[in-house]
Amino acid sequence: MISSEKALALVLSHSSKGFRTREISLSDALDYVLAADVISLIDMPPFRQSAMDGYALKIGETNSYKILGEVQAGGVNSLQLNKGEAVRIFTGAPVPDTADAVVIQEKVRLKADTILVEDPLQLMMNIRPQGEQIKKAAVALAKGTSIKGTHIGFLAGLGITRIEVAEKPAIAVVVTGNELVPAGQDLAHGKIYESNSAMLIAVLKELGYSNTTVISIKDHFESTKEALRETIEKNDVVIVTGGVSVGDYDFVGKALNAIGVHEIFHKVNQKPGKPMYFGKKEHTAIFGLPGNPAAALTCFYVYVYPLLKKYQGAEDAHLLTILLPLLNDYTVIGGDRAQFLKAKISGTGVEILTGQSSAMLSAFGTANAFVFVPEDRIKLEKGEIVKTILLPIK
Ligand code: AMP
Ligand code: MG
């Protein structure tokens, strides 16, 4: 059985490279990945800008300056200053070319049309030089960047309205199981409400993927085969939950094999998620995740999300991993496999949560990380440093 590290490396090495690109409006760009460098069309700031409300002045021999006029934000500076002269100025206003410092209004004494400057002056103080943030024609944002709100603000500030991004993948979530009933219907004995599709579609949406469809199939070989064949043809990424293990009614692996999907691995030495399957057919990536909801979500974060990022050409597809002191003692159950334990990072370290069962989602409600425990570790002690993987959650 392969290790989780090896499994992730295989998943990433098989993510599609030739993704389609398209130009979109900056306002629609959230969570897309840049497919080309964005070049700044202007210097930012576009002119010498006052960083404060105060007085722009040309440094003279005495601390007394004569006020010639005023420049507001959005105004024009046509005033010529000689040594010992100043203009009233406001934050964001263009500093007159002849001024060499801005003194803040709290540091002057105003007497009629003159100010007395109290503190020593330095050349260029409180003046933002033209192009200080970025120069015209420089790379504003590099190809491979995942666009967040801050990037949209930065590019909007450069006057950019359209950018080239990677198309997001079309994703299908396929749920399997004769016991599954949609919420809202009566629950006969032996049945359970189907929840993986609602969970995965919502989590995908939270991560910026809304080009999704849900398919429900029964534990039946022929119908599993047909449904998977059609779904794989129509999508870039297929996420199957359930039916991937070794039970008599687990048909996913066999069906994928029968329709010519190339199996890259089936089973990973980890808990939860041991039965996990990963394969490819042409450009489509196919995941078989365990049916238990918490196991499915763990495998989703650990493997599927990095693949989706890589698929779009993201510079770094890995979840952020840090080392933190453990806040509680913890005894691992079933230490023969590496474990992804739901955990909560707080100000002083990370706590492994109670309720690690694959069937129980409750711990995910408070978790913001996994503590990764290598195989053969049983007793973890409070204070020891543990590998902590941050969940990509809001
Ligand atoms: P399986 O991986 O098919 O053996 O399923 C493992 C467990 O997960 C079983 O208890 C299933 O009933 C449950 N399960 C499978 N699929 C879902 C689903 N879509 N929603 C909720 N529970 C599920
Ligand atoms: Mg099943």
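When region 246-266 is examined, which residues are found to be in contact with an Asp or Glu (Cβ under 8 Å, 6 or more places away or on another chain) and either open to solvent by less than 50 Å² (accessible area, probe 1.4 Å) or part of a helix (DSSP H, G or I) (or both)?
Going residue by residue through region 246-266, those that are in contact with an Asp or Glu (Cβ under 8 Å, 6 or more places away or on another chain) are 249-251, 253, 256-257.
Of everything in region 246-266, those that are in contact with an Asp or Glu (Cβ under 8 Å, 6 or more places away or on another chain) and either open to solvent by less than 50 Å² (accessible area, probe 1.4 Å) or part of a helix (DSSP H, G or I) (or both) turn out to be Asp250, Phe251, Gly253, Leu256, Asn257.
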Practice task
Considering each residue of region 246-262, count those that are farther than 20 Å from Leu308 by Cβ and more than 16 Å from ligand 1 (Cβ to nearest atom), and give that number.
Solution key: 4
Completion exercise
Of all strands (runs of 3 or more DSSP E) fully inside region 318-366, the set with 1 or more residues that are touching a helix residue (DSSP H, G or I) at 6+ places or on another chain (Cβ under 9 Å) and charged (D, E, K, R) is 338-345
Problem - Scope region 127-162; condition part of a strand (DSSP E or B) and open to solvent by 50 Å² or more (accessible area, probe 1.4 Å); matching residues - result: Arg128, Val139, Arg162
Fill in the blank from the handout: Of the candidates Lys66, Lys136, Lys111, the one satisfying the condition of being touching a Gly at 6+ places or on another chain (Cβ under 7 Å) and of a type in the set (Lys, Arg) is Lys66
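Can you tell me which residue among Val238, Val246, Val173 is among the aliphatic types (A, V, I, L, M) and away from ligand 2 (no atom under 16 Å from the Cβ)?
Numbers: Val246 fails: away from ligand 2 (no atom under 16 Å from the Cβ); Val173 fails: away from ligand 2 (no atom under 16 Å from the Cβ).
Of the residues listed, the single one that is among the aliphatic types (A, V, I, L, M) and away from ligand 2 (no atom under 16 Å from the Cβ) is Val238.
Residues that are crowded, with 21+ Cβ neighbours inside 10 Å: list the strands (runs of 3 or more DSSP E) wholly contained in region 28-124 that include at least 3 such residues. Full working, then the answer.
Working: elements: 54-57, 64-71, 85-89, 101-104, 108-111, 114-117.
It comes to 54-57, 85-89.
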Practice task
Among the numbered conditions (1) closer than 20 Å to Val373 by Cβ; (2) away from ligand 1 (no atom under 16 Å from the Cβ); (3) open to solvent by less than 50 Å² (accessible area, probe 1.4 Å), tell me where Pro275 comes up short.
Solution key: (2)
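Open to solvent by less than 30 Å² (accessible area, probe 1.4 Å), small (Gly, Ala, Ser), within 14 Å of ligand 1 (Cβ to nearest atom) and touching a residue at least 60 places away in the same chain (Cβ under 8 Å): is that true of Gly243 in this structure? Spell out how you get there, then give the answer.
On the way: open to solvent by less than 30 Å² (accessible area, probe 1.4 Å): yes; small (Gly, Ala, Ser): yes; within 14 Å of ligand 1 (Cβ to nearest atom): yes; touching a residue at least 60 places away in the same chain (Cβ under 8 Å): yes.
Yes; evaluated as a whole, the condition is true for this residue.
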Problem - Residue pairs meeting the criteria (Cβ under 8 Å; at least 6 apart or on separate chains; first surrounded by 15 or more Cβ atoms within 10 Å (Cβ to Cβ), in region 1-17; second in a loop (DSSP other than H, G, I, E, B) and among the aliphatic types (A, V, I, L, M)) - result: Ala7/Met276; Leu12/Ala317; Ser15/Ala317
Practice task
Looking only at region 293-311, decide whether some residue is open to solvent by 10 Å² or more (accessible area, probe 1.4 Å), out of contact with any strand residue (DSSP E or B) (no Cβ under 8 Å at 6 or more places or on another chain), within 16 Å of ligand 2 (Cβ to nearest atom) and not assigned by TED's automatic domain parsing to the domain that holds Ile352.
Solution key: yes
Problem - Within region 185-228, tally of residues that are touching a residue at least 60 places away in the same chain (Cβ under 8 Å) and more than 15 Å from ligand 1 (Cβ to nearest atom) - result: 4
Practice task
Being touching a residue at least 60 places away in the same chain (Cβ under 8 Å) and of a type in the set (Lys, Arg) is the filter here, so list the residues in region 373-394 that pass it.
Solution key: Lys387, Lys394
Problem - Options Glu206, Glu179, Glu194; residue that is touching a Pro at 6+ places or on another chain (Cβ under 9 Å) and either in the same structural domain as Ser27 (by TED's automatic domain parsing) or surrounded by fewer than 18 Cβ atoms within 10 Å (Cβ to Cβ) (or both) - result: Glu206
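Check Gly347, Gly335 and return the single one that is over 23 Å from the mean Cα position of the chain (by Cα) and not assigned by TED's automatic domain parsing to the domain that holds Leu289. If you could, list the steps in order and put the result at the bottom.
Values: Gly347 fails: over 23 Å from the mean Cα position of the chain (by Cα).
Result of the check over Gly347, Gly335: Gly335.
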Problem - Subset of region 342-394 (residues that are among the β-branched types (Val, Ile, Thr) and surrounded by fewer than 16 Cβ atoms within 10 Å (Cβ to Cβ)) - result: Thr348, Thr354, Thr366, Ile378, Ile385, Ile393
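The values are calculated or read from the model by the stated rules, or taken from the named source; none is laboratory data. It should be emphasised that the depicted structure is a prediction, and the values quoted were computed from it without experimental measurement. No Cβ is skipped: glycine too gets one built from the backbone with ideal geometry, and neighbour counts run over all protein chains shown. Areas reflect the complete protein model, heavy atoms only, side chains present, ligands, DNA and RNA absent. Shrake-Rupley method; radii C 1.70, N 1.55, O 1.52, S 1.80 Å.
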